[in-house]
Amino acid sequence: YKKKDFIEAKYDFVDEMMKLGGIGADMGDSEAKVLDVGCGVGGTSRYLAKSLGPKADVTGITLSPNQVKRATELAEEQGVPNAKFTVMNALEMDFPDNTFDVVWACESGEHMPDKEAYINEMMRVLKPGGKFVMATWCQRDDREVPFSKKDERDLRFLYEEWTHPYFISIEKYAELIDATGLMNEVTTADWVDETIASWRHSVWVGIYDPRGFIFKPTKYLKCVRDAYCLERMHRAFKRGLMQYGMFAATKKAAPVAAAAEKAEKVESN
């Protein structure tokens, strides 16, 4: 984790997430309408806009007006006019049904107080035939092997320190996606091995420079506290209490379109 640039590693992850979702300019998405749910300051949104090309249209949503302001400034500075940002609640989106060709969600699910509404809204605004890909922190499924007291203490610490409402399992997310009745079979994976180094990478980036303590001691001490929390998260992932959930699926064809396709096949036979 000391050998690779932190930003470079993040964009490598975005590339791999695009591959998982079958997303790319060479895969029919050069003119796609893309929604980035929980875009932060828009780094991934801008990267997607650049990768897919100038005819693609990427919209990032977040609850923070400050993030929208900064994301918009950075898009202008970097010459990315096809990335736009707006304040919107992911649990109650203003978009009409079937608006986007691609719905992208990276590390926003863990912040959502209603996971079912989160999934339902993303599936609703995705066009029939559209692509969905999501990455989110998950806790292991405890239905067969219940959490121990240590597991419960560790999860409580993570909830309180990270101010997350709660985590759910990869299996539970897949069930929520299936329950919409809108999606084809969902592909799931646990990318804990691929991502676990990033936790200690974050610690290293945050505290390795002693000048932080010299010039901004209060902020540096907060950074040290954050580093402790990151290390606790690293250990939770390493021992299997936490999982890095990855999901990819396409939306089913609209009933009318599907019926027309079926009739066409019957006629050709």
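Only the coordinates and a few stated rules stand behind these numbers; no lab work does. None of the values given here were measured: they were computed from a predicted structure. Cβ sites come from the backbone with ideal geometry, for glycine too, and all protein chains shown count toward neighbours.
Summary of values
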quantity	calculated
Proportion of all alpha-carbon pairs of the stretch 1-143 beyond 26 Å (%)	21
Two-decimal Rg to Rh for the stretch 75-178 - Kirkwood Rh, Cα set	1.05
Pairwise Cα inverse-distance average, inverted: Kirkwood Rh of the stretch 141-181 (Å)	11.7
Rough spin-label spacing in nm, given labels placed 7 Å along Cα→Cβ, for M27 and D142	3.5
For a label point 7 Å along the Cα-to-beta-carbon line of E194, residues of the stretch 13-32 with backbone N under 11 Å	13-22
Rounded to whole Hz, the Karplus (6.51, -1.76, 1.60) HN-Hα couplings of the stretch 180-189, x for glycine and proline	5, x, 9, 10, 6, 4, 8, 8, 10, 7
Alpha-carbon Rg with Dmax, taken over the stretch 1-73, Å	13.0, 38
Chain lengthening between A117 and H164 when straightened (0.36 nm per residue, less Cα-Cα)	15.3 nm
Simple label model, 7 Å out from Cα along Cβ direction - E16 to A254, nm	3.7
The stretch 55-96 - Rg over Rh from alpha carbon coordinates, Kirkwood radius	1.00
For F85, residues with placed amide H under 5 Å, excluding near neighbours	G60
